[in-house]
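Encoded as structure tokens, the structure appears first; notes follow it.
We did not get these values from a lab; they are worked out from the coordinates using the rules stated. Note that the structure is a prediction, hence the values are computed from the model and not measured.
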Amino acid sequence: MSLTDYFIRKPEFDMFAMNTADLPCAAAIHKMRFTPSWSDGELHALLVQNTVFGFVARQSNAGSRPVTAGFVLARVAAGEAEILTIGVDGRYGRAGLGWRLMQAAVREARSKNAETMFLEVDETNAAALGLYRKLGFLKVGERRAYYQSAAGARTAALVMRLDLA
Ligand SMILES: CC(C)(COP(=O)(O)OP(=O)(O)OC[C@H]1O[C@@H](n2cnc3c(N)ncnc32)[C@H](O)[C@@H]1OP(=O)(O)O)[C@@H](O)C(=O)NCCC(=O)NCCS
């Protein structure tokens, strides 16, 4: 698949800078995709920090009730960017929205003079690993037994890095 295809798959969605009005939708998506999930208030506490920014994937021509299908939160400090969280509503999954959210975060991080971007991902999260590898992230570290599933299984967190310079 060519990179431009990601823009053709869901053309009715655009990436918008995230603001506090987006928090209820973002919290609902986080709840769908993560256990434990982050509340509206926890997301708010991050978004209001001046080092933190986010984007939402939202329908651009849908009248007064546009669907928000995903969001990303990231931080830039001292030349280093970090993805704090990213989630896409499963009903809109595998349609390029995660890729476009990550592209928006990478672009914004570059504009804030970040030279590298880091993230952590569960070694068993095939979708996220596929997305990050496609964007050029490489594994640079591993935290063993970092995550624990509801059933008690422990899995490693992979630390991944993308050079932005
Ligand atoms: C990871 C996530 C954000 C991807 O979002 P998405 O919009 O579905 O991803 P995209 O459609 O942009 O996919 C981009 C690439 O990622 C990979 N990918 C996405 N979903 C995949 C899946 N289910 N299985 C394998 N690879 C997948 C593929 O390489 C895909 O490219 P392709 O469709 O051209 O093959 C989404 O699955 C999600 O919200 N997961 C739950 C939350 C989560 O795990 N967040 C990351 C925590 S580190």
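Between Ala127, Ala74, Ala105, the residue with the greatest mean-square fluctuation in the GNM of the chain (Cα pairs under 10 Å linked by springs) is Ala127. Compactness of region 13-78 was expressed as the Cα radius of gyration divided by 2.2 N^0.38 Å, which yields 1.11.
When the chain is treated as a Gaussian network with alpha carbon springs shorter than 10 Å, the biggest mean-square fluctuation among Phe34, Phe118, Phe13 belongs to Phe34. Computed from backbone phi with θ = phi - 60° and the Karplus coefficients 6.51, -1.76 and 1.60, the 3J(HN,Hα) list for region 48-59 is 7, 6, 6, 8, 9, 9, x, 9, 10, 9, 9, 4 Hz; x is used for glycine and proline.
Only Cα pairs under 8 Å and 6+ residues apart enter the sum, and on that basis the relative contact order of the chain stands at 19 percent. In region 8-163, the DSSP beta bridges split such that about 90 percent are antiparallel, to the nearest 5.
Both radii are taken from the alpha-carbon atoms of the chain; with Rh as the Kirkwood radius, Rg/Rh is 0.95.
Based on DSSP H runs of at least 4 residues, each adding -39500 (n - 2.57), what is the mean residue ellipticity at 222 nm of the chain after dividing by all its residues, to the nearest 500 deg cm²/dmol?
Values: 5 runs with 49 residues, N = 165.
Result for the chain, helices only: -8500 deg cm²/dmol.
Size of region 82-165 from its Cα atoms: along the principal axes, largest to smallest, the extents are 41, 32, 18 Å.
Report, as a whole number in µm² per second, the diffusion coefficient that Stokes-Einstein gives for region 55-96 at 25 °C and 0.890 mPa s using the Kirkwood radius over alpha carbon pairs.
The estimated diffusion coefficient comes to 206 µm²/s.
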